[in-house]
Amino acid sequence: MLFSAEPLQSAPCLKMMKISAGAIMNRKKKINETLKKRMKKANAKLHKSNKPRYISKAERAKLDAEATQQVSAEETISPSESETMSTETTVS
């Protein structure tokens with residue numbers, strides 16, 4: 001009976017060893033994955049993207065309003081400048 005009982009007890013031990021060996025490999029794999037993730041994040045921070053900065057709708061509206069004001073200001077100044085330019089050419 002002793003002889004027949006030993007193989008039954010040793011079989012679960014072998015299974016446990018296989019499971020633990022698998023668990024060790026899974027643990028190593030998980031550690032390697034987390035290290036790879038950290039390296040990937042660090043590299044991503046080093047390389048800036050070429051994507052332009054987001055401008056909100058309100059900011060775009062404000063910029064458009066400023067641009068139209070500048071254009072209208074230039075139009076009011078430009079006719080007077082052209083008159084001075086024409087008088088200078090006649091004087092010369």
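In segment 49-63, what residues are part of a helix (DSSP H, G or I) and either among the polar types (S, T, N, Q) or open to solvent by 100 Å² or more (accessible area, probe 1.4 Å) (or both)?
Once the filter is applied, which keeps residues that are part of a helix (DSSP H, G or I) and either among the polar types (S, T, N, Q) or open to solvent by 100 Å² or more (accessible area, probe 1.4 Å) (or both), segment 49-63 yields K57, R60, K62.
Any residue in segment 10-32 that is open to solvent by less than 100 Å² (accessible area, probe 1.4 Å), β-branched (V, I, T), at pLDDT below 95 and outside any helix (DSSP H, G or I)?
no
Write out, first by first residue and then by second, each pair whose Cβ atoms fall under 8 Å of each other, whose residues are 6+ apart or on separate chains, and whose first residue, in segment 56-73, is free of Cβ contacts under 8 Å to residues at least 12 places away in the same chain while the second is surrounded by 10 or more Cβ atoms within 10 Å (Cβ to Cβ).
L63/I55
The values are calculated or read from the model by the stated rules, or taken from the named source; none is laboratory data. What you see is a predicted model, and the numbers here were worked out from it, not measured in a lab. So basically every Cβ, Gly included, is an ideal-geometry build from the backbone, and we count neighbours across all protein chains shown. Ligands, DNA and RNA are excluded from the accessible area calculation, which covers all protein heavy atoms including side chains. Shrake-Rupley method; radii C 1.70, N 1.55, O 1.52, S 1.80 Å.
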